[in-house]
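The values are calculated or read from the model by the stated rules, or taken from the named source; none is laboratory data. The structure displayed is predicted, hence computed values, not measured ones. Here the Cβ is made from the backbone with ideal geometry for all residues, glycine too, and neighbour counts use every protein chain on show. Just so you know, the surface numbers come from the protein's heavy atoms only, side chains and all, with ligands and any DNA or RNA stripped out. Shrake-Rupley method; radii C 1.70, N 1.55, O 1.52, S 1.80 Å.
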Amino acid sequence: ELKKELEEELSKLGKLKGIKIFERNPKGVVAVKYEKAKGALRCVERMDGRFFGGRSLSAFFYDGFSNYDVRETDEV
């Protein structure tokens, strides 16, 4: 359901190539890829600082190095 909501909202900014929700990441990380840089620029400009689901968003360009994937462990 979250992915559908995001696709609907983010597709207004440019043609989407894909959305990846890092479900296990406690920070609620979502990666969005646009077909053109213009869409990504609009996304960062319009989404950074905006509220979604009662939480403030931070939108920024991927640095090419950070790994947002959190693996499942046996630890509680």
Next item on the list: Could you give me the residue pairs with C-beta distances under 8 Å whose first residue belongs to the range 31-52 and is under 18 Å from E7 (Cβ atoms), whose second residue is of a type in the set (V, I, T) and open to solvent by less than 80 Å² (accessible area, probe 1.4 Å) wherever it lies, and which are 6+ apart or on separate chains?
Entry: A31/I19; V32/I19; K33/I19; A40/V32; C43/V32
Checklist line | Tally, over the range 2-52, of residues that are closer than 26 Å to E72 by Cβ, open to solvent by less than 80 Å² (accessible area, probe 1.4 Å) and assigned to a loop (DSSP other than H, G, I, E, B) | finding: 4
Notebook entry, point to check: Which condition number in (1) among the hydrophobic types (A, V, I, L, M, F, W, C); (2) free of Cβ contacts under 8 Å to residues at least 40 places away in the same chain; (3) open to solvent by less than 80 Å² (accessible area, probe 1.4 Å); (4) assigned to a loop (DSSP other than H, G, I, E, B) is the one that V70 fails?
Noted result: (2)
